[in-house]
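Visitor: Below you'll find the structure I mean.
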Amino acid sequence: MRAVITVIGKDKIGIIAGVTTILADNQINILDISQTILQDFFTMVMIVDTEKCQMKFEDLQNRLRAKGEEIGLSIRIQHEDIFNSMHNI
Amino acid sequence: MFNYNYIMETISMIEKESLDIRTITMGISLLDCISDDGQVCRNRIYEKITRKAEKLVATGDLIEKEYGIPIINKRISVTPISLIAQACKDTDYVKFAEILDKAAITVGVNFIGGFSSLVHKGYTKGDEILIRSIPEALNVTERVCSSVNIGSTKTGINMDAVKQMGTIISETARLTADRDGLGCAKLVVFANAVEDNPFMAGAFHGIGEPDSVINVGVSGPGVVKVALESCKGEPFDVVSDTIKKTAFKITRMGQLVAAEASKRLDVPFGIVDLSLAPTPAVGDSIARILEEMGLEACGAPGTTAALALLNDAVKKGGVMASSHVGGLSGAFIPISEDEGMINAVKIGALNIEKLEAMTCVCSVGLDMIAIPGKTPPETISAIIADEAAIGVINNKTTAVRIIPVFGKDVGDEVVFGGLLGNAPVMAVNPFSSKLFIERGGRIPAPIHSMKN
């Protein structure tokens, strides 16, 4: 399935490395990535393909959340359909 | 390929503006549980509910995680128990409430609705026994919700039932007085009750419904409030359009979750209920939306017009977002469950009479209102009659969920906790309606009900 990862918080070194390492370790392919920094406030959106991921979605979610807590950011992963259904007819 | 702003907008709605799915409610028919032996009937009820809803909570939790949208409640509605129990010889249906409670606890839902009776034209034996059993049933159970339909546009108002419900509400309040009349928070008196309402305490599974069904209620007053903050001073055309667009987005969430829950549970999708349902949390209030339109406090002149616009725009926006819309679909205006309403009552801006006017233009009625425990039962009946008249004449659902609090008077506060919130005790008109209520009989159906 395709999922959207969003990372929001204060900018610092190693955010992308921290997230992408978890993704690479779990065979998750990044399809698209975009980030902006507004007054030290970092937001990143990634579209990923979790098809080959062996880990349960819930475990992956917890793993990313834990990483976020470790580096002081909020990291979440959600099924892409929630965004599609809200904004596309 | 994807729109960064859209994604951030959705995240912001969920994180900051309290967007959530208020409830996934599984409707379950109990018609195949009927037996002339009460115990056999109850065994069948327990077996069917726990089988059908076995995975409801787990599935709801999984959808919540995968999509990252909070799903606050998972609930069950069943066929009105008055229909199911009346073939048996029992003369009291409290045990039926207890088995519903037990089934709800087993499957992990927080409320089960359907300890109900439909008496808009008259009573059957089952209705008589069920209504008599309501006070004790709500006293001894924790999760069971009860409702009684006492009027409809097609039949008029059953004033005998109106009279009795005043007494039943008083009695329920008295039995649960140690919990500030909490039993009455789980009891709704309807006119024009709907068969597919996913919201408690008034949910039941109508007899025109399939064997089981998934109905979803969305929420999101906070999202509407925030959207309106961006159009300060703009004319109402802009206000209405903004609410419509927001309601569309909120409802799309409901549709997605309903479709997904239906697929995963292998239970047909019924409806999405478009209601804006508040919670006692700050930032999740209907009153604050009305105030955002330019009213100093909810209850000020203009409140009814503001609510009419809100209610209509929510429907217009939501109806295209879902394949089937149903339930109550409108804005709820409970007192205890809405931080802004509580505030409006406390500062003296809002009273029961204004609330009654507001119920003419929204769903559902006088909801979660604490009144002094000394209020006579016939006054409660008369309040029910007024609300029922509004519903019956205007061809809409109305309801009364009113809580007499024994030992408390105007100015005191009642705390129910959780989603039920807290409420200031409100003043009731002190003049008597005793002789009016004592008449009984039926108020005939209005002339415009004859459409054939």
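Visitor: Just give me the residues in the range B:103-119 being open to solvent by 50 Å² or more (accessible area, probe 1.4 Å), of a type in the set (A, V, I, L, M, F, W, C) and not in a strand (DSSP E or B), in sequence order.
Guide: Answer for the range B:103-119, where residues must be open to solvent by 50 Å² or more (accessible area, probe 1.4 Å), of a type in the set (A, V, I, L, M, F, W, C) and not in a strand (DSSP E or B): just B:Ile105.
Visitor: Given the conditions (1) touching a residue at least 60 places away in the same chain (Cβ under 8 Å); (2) under 29 Å from A:Glu80 (Cβ atoms), and given that B:Phe111 satisfies all but one, which numbered condition is not satisfied?
Guide: Failing condition for B:Phe111: (2).
Visitor: Going through the range B:377-412 one residue at a time, which ones are part of a loop (DSSP other than H, G, I, E, B) and surrounded by 19 or more Cβ atoms within 10 Å (Cβ to Cβ)? Break it down stepwise before answering.
Guide: Let us first name the residues in the range B:377-412 that are part of a loop (DSSP other than H, G, I, E, B), namely B:395-397, B:406-412.
Selection gives B:Lys396, B:Thr397, B:Lys408.
Visitor: Select from the range A:47-70 the residues that are within 10 Å of another protein chain (Cβ to nearest Cβ) and either within 18 Å of A:Gly14 (Cβ to Cβ) or surrounded by 13 or more Cβ atoms within 10 Å (Cβ to Cβ) (or both) and list them in ascending order.
Guide: Residues satisfying the conditions are A:Ile47, A:Phe57, A:Gln61, A:Asn62.
Visitor: How many residues are assigned to a helix (DSSP H, G or I) and open to solvent by 10 Å² or more (accessible area, probe 1.4 Å) if we restrict to the range B:325-349? If you could, list the steps in order and put the result at the bottom.
Guide: Initial filter on the range B:325-349 (assigned to a helix (DSSP H, G or I)): B:339-346.
In the following step, the residues that additionally are open to solvent by 10 Å² or more (accessible area, probe 1.4 Å) were identified as B:339, B:342-343, B:345-346.
Here the count works out to 5.
Visitor: Can I ask one more? Only one of B:Glu378, B:Glu387 is of a type in the set (Asp, Glu), in contact (Cβ under 8 Å) with a residue 12 or more places away in the chain and within 18 Å of B:Pro135 (Cα to Cα); which?
Guide: Being of a type in the set (Asp, Glu), in contact (Cβ under 8 Å) with a residue 12 or more places away in the chain and within 18 Å of B:Pro135 (Cα to Cα) holds for just one of B:Glu378, B:Glu387, which is B:Glu378.
Visitor: Could you identify the single residue in A:Ile28, A:Ile15, A:Ile5 that is open to solvent by less than 40 Å² (accessible area, probe 1.4 Å) and either touching a His at 6+ places or on another chain (Cβ under 9 Å) or in contact (Cβ under 8 Å) with a residue 60 or more places away in the chain (or both)?
Guide: Details: A:Ile28 fails: either touching a His at 6+ places or on another chain (Cβ under 9 Å) or in contact (Cβ under 8 Å) with a residue 60 or more places away in the chain (or both); A:Ile15 fails: either touching a His at 6+ places or on another chain (Cβ under 9 Å) or in contact (Cβ under 8 Å) with a residue 60 or more places away in the chain (or both).
That would be A:Ile5, the only listed residue that is open to solvent by less than 40 Å² (accessible area, probe 1.4 Å) and either touching a His at 6+ places or on another chain (Cβ under 9 Å) or in contact (Cβ under 8 Å) with a residue 60 or more places away in the chain (or both).
Visitor: What is the residue count in the range A:3-36 for residues that are within 13 Å of chain B (Cβ to nearest Cβ) and more than 15 Å from A:Gln61 (Cβ to Cβ)? Don't jump to the end; show me each part of the working.
Guide: From the range A:3-36, those within 13 Å of chain B (Cβ to nearest Cβ) are A:3-9, A:30-36; that's our starting set.
Keeping just the survivors that are more than 15 Å from A:Gln61 (Cβ to Cβ) gives A:8-9, A:30-36.
So the count comes out to 9.
Visitor: Among (1) surrounded by fewer than 19 Cβ atoms within 10 Å (Cβ to Cβ); (2) more than 8 Å from chain B (Cβ to nearest Cβ); (3) not acidic (Asp, Glu), which single condition is A:Leu73 missing?
Guide: The number of the failed condition is (1).
Visitor: A further question on this structure: Hey, could you check the range B:16-43 for residues that are within 14 Å of chain A (Cβ to nearest Cβ) and surrounded by 16 or more Cβ atoms within 10 Å (Cβ to Cβ) and say which is modelled with the lowest pLDDT? First the steps, then the outcome.
Guide: Pass one, the range B:16-43, residues within 14 Å of chain A (Cβ to nearest Cβ): B:16-17, B:19-21.
Applying the additional criterion that residues be surrounded by 16 or more Cβ atoms within 10 Å (Cβ to Cβ) yields B:17, B:19-21.
Values: B:Glu17: 87, B:Leu19: 90, B:Asp20: 91, B:Ile21: 93.
Here the residue is B:Glu17.
Visitor: Also: Among (1) surrounded by fewer than 19 Cβ atoms within 10 Å (Cβ to Cβ); (2) more than 18 Å from B:Glu353 (Cα to Cα), which single condition is B:Ala305 missing?
Guide: All conditions are met except number (2).
Visitor: Here is a check on your reading of the model: is B:Gly421 crowded, with 21+ Cβ neighbours inside 10 Å, touching a helix residue (DSSP H, G or I) at 6+ places or on another chain (Cβ under 9 Å) and at pLDDT below 95? Spell out how you get there, then give the answer.
Guide: Numbers: crowded, with 21+ Cβ neighbours inside 10 Å: yes; touching a helix residue (DSSP H, G or I) at 6+ places or on another chain (Cβ under 9 Å): yes; at pLDDT below 95: yes.
Considered against the rule, which asks whether it is crowded, with 21+ Cβ neighbours inside 10 Å, touching a helix residue (DSSP H, G or I) at 6+ places or on another chain (Cβ under 9 Å) and at pLDDT below 95, B:Gly421 comes out as yes.
Visitor: When you scan the range B:312-324, how many residues do you find that are surrounded by fewer than 23 Cβ atoms within 10 Å (Cβ to Cβ) and among the hydroxyl-bearing types (Ser, Thr, Tyr)?
Guide: So the answer is 1.
Visitor: Which condition does B:Gly122 not pass, out of (1) more than 22 Å from the chain's Cα centre (by Cα); (2) in a helix (DSSP H, G or I), if it passes all the others?
Guide: Of (1) more than 22 Å from the chain's Cα centre (by Cα); (2) in a helix (DSSP H, G or I), only one is false for B:Gly122: (2).
Visitor: If you don't mind, there's one more thing I want to ask. With the checklist (1) crowded, with 22+ Cβ neighbours inside 10 Å; (2) within 14 Å of chain A (Cβ to nearest Cβ); (3) over 26 Å from B:Val194 (Cβ atoms) in hand, flag the one item B:Tyr6 doesn't pass.
Guide: (1)
Visitor: I've got another one for you. Consider the range B:242-273. How many of its residues are over 23 Å from B:Leu228 (Cα atoms) and either of a type in the set (Lys, Arg) or in the same structural domain as B:Glu66 (by TED's automatic domain parsing) (or both)?
Guide: Filtering the range B:242-273 for residues over 23 Å from B:Leu228 (Cα atoms) gives B:255-272.
The next check asks that each one be either of a type in the set (Lys, Arg) or in the same structural domain as B:Glu66 (by TED's automatic domain parsing) (or both); those that pass are B:263-264.
Selection size over the range B:242-273: 2.
Visitor: Turning to a different aspect of this structure: I'd like to verify a number: residues in the range B:46-102 that are of a type outside the set (Asp, Glu), open to solvent by 60 Å² or more (accessible area, probe 1.4 Å), in a loop (DSSP other than H, G, I, E, B) and closer than 30 Å to B:Asp20 by Cα, how many?
Guide: 1
Visitor: Taking the conditions exactly as written (modelled with pLDDT of 95 or more and surrounded by fewer than 23 Cβ atoms within 10 Å (Cβ to Cβ)), does B:Ala300 satisfy them or not?
Guide: Details: modelled with pLDDT of 95 or more: yes; surrounded by fewer than 23 Cβ atoms within 10 Å (Cβ to Cβ): yes.
Yes, satisfied.
Visitor: Considering only the range B:258-272, I want to know if a residue exists there that is under 20 Å from the mean Cα position of the chain (by Cα), within 13 Å of chain A (Cβ to nearest Cβ) and not small (Gly, Ala, Ser).
Guide: Looking through the range B:258-272, at least one residue is under 20 Å from the mean Cα position of the chain (by Cα), within 13 Å of chain A (Cβ to nearest Cβ) and not small (Gly, Ala, Ser).
The values are calculated or read from the model by the stated rules, or taken from the named source; none is laboratory data. What you see is a predicted model; the values in this text were computed from it and never measured. In this analysis, Cβ positions are derived from the backbone assuming ideal geometry, glycine residues included, and neighbour counts consider all displayed protein chains. Remember, those area values only see protein heavy atoms, side chains included, never the ligands or the DNA or RNA. Shrake-Rupley method; radii C 1.70, N 1.55, O 1.52, S 1.80 Å.
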